[in-house]
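So the structure is just underneath, and the comments pick up after that.
The values are calculated or read from the model by the stated rules, or taken from the named source; none is laboratory data. Just so it is clear, the model here is predicted, and its values are computed rather than measured. Neighbour counts run over all protein chains shown; Cβ positions are idealised from the backbone, glycine included. All accessible areas refer to the heavy atoms of the entire protein, side chains included, with ligands and DNA or RNA removed. Shrake-Rupley method; radii C 1.70, N 1.55, O 1.52, S 1.80 Å.
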2 protein chains.
Amino acid sequence: MDGKVINLKAKLEVYKAISGGGNIANCPVREVIQGVSGKWRSLLMMALAEKPYRFGELRRLVPDISQRMLTQTLYDLQRDGYVHREVFPTKPPSVEYSLTDLGRSMFGAFHQLILWAELNHDAVRAARADFDASQA
Amino acid sequence: MDGKVINLKAKLEVYKAISGGGNIANCPVREVIQGVSGKWRSLLMMALAEKPYRFGELRRLVPDISQRMLTQTLYDLQRDGYVHREVFPTKPPSVEYSLTDLGRSMFGAFHQLILWAELNHDAVRAARADFDASQA
DNA sequence: AGTGCTGGTCTCTTTTTGAGACCATCACTA
DNA sequence: TAGTGATGGTCTCAAAAAGAGACCAGCACT
């Protein structure tokens, strides 16, 4: 019974150590997971995993994203090294966004979760409905 | 060149269709991904994947979570069907949280991302540092 | 000169997160 | 029998993030 506790404690201690001795909340794993979170990041990663896109194309592809959030999300993804941004000096300068190797690598792992979601989203929906019903 | 566009368009159209004809933003996949997001959800899922825990144990395990967020995050996880909550009628009633089958199933996929994060968090860190330096 | 497309930035409002105080119950202890 | 600590919460309010919408500069076409 204590064995399991020690397993977890050890694991969390490792994270704690990696995170620089501070608290677990800053652990790098959480940092990366946070990087995947965000309302639009997964959607944009999925789009860019298919092929590179221009700013306006992405905006049209995801109609209900505001320009501000599109700009900011792409900036964040670029900052984390997942997305490459290239400006072409056309008449009205156009900007193309594409996945980097790191981005593709991350998306490979992230894809597992997407696949799970595709298969199980109705189970989650059902659980939520049941729960809400039982609380009413 | 247009072939790829059609691929993505088709995929996104599928999501759009699943989501009930509305816009892509409500697609169930995004909904599930959102469910995984949140500052504490991954950490609590990792803890509960190890073994069931009581409220106070979790609070001690993750020292920098506030009681409010612990309550709420566990509530959300329970609502999504990932976590089971059981109250024991001890003298001061104790509450135990454990993963459901759905929770374990989801964690299996999510685990891929955690493993990737464990292996590559330094690359992300480096990318971020580079980017910040180049912006300065 | 006016319109539209390019890819943004700036400001303001709403929503989400988070920290901290407060609460009710029971057991043990002085 | 009043004080202390442990149980698992809730409530209030401040800070941070997300989001909507106006505005901007440059160039082409009409």
Handout entry: Exam field: B:SER66 pseudo-label spacings to other copies (7 Å along Cα-Cβ), nanometres
Key = 2.4
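Roughly how large, in nm² to one decimal, is the mean projection of the convex hull of the alpha-carbon atoms in the range A:39-135?
7.9 nm²
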Exercise for the section: Pull up all non-local amide H partners of B:LEU99: gap of 5 or more, or a different chain, and H-to-H distance under 5 Å with H placed in the peptide plane. Expected result: B:HIS84
Problem - Charge dipole of the range B:39-135 about the Cα centre (unit charges at C-beta), most positive-ward option of B:THR73, B:TRP40, B:ILE114 - result: B:THR73
Practice task
Between the label point of B:ARG85 and that of the same position in each other copy, find the distances and list them shortest first in nm, with every label point placed 7 Å from Cα along the Cα-to-C-beta direction.
Solution key: 4.2
Exercise for the section: Could you pull the copy-to-copy label distances for B:SER134, with points set 7 Å along Cα to Cβ, in nm to one decimal and sorted shortest first? Expected result: 5.1
Problem - Heavy atoms of B:THR90: accessible area, 1.4 Å probe, square angstrom to 10 - result: 60 Å²
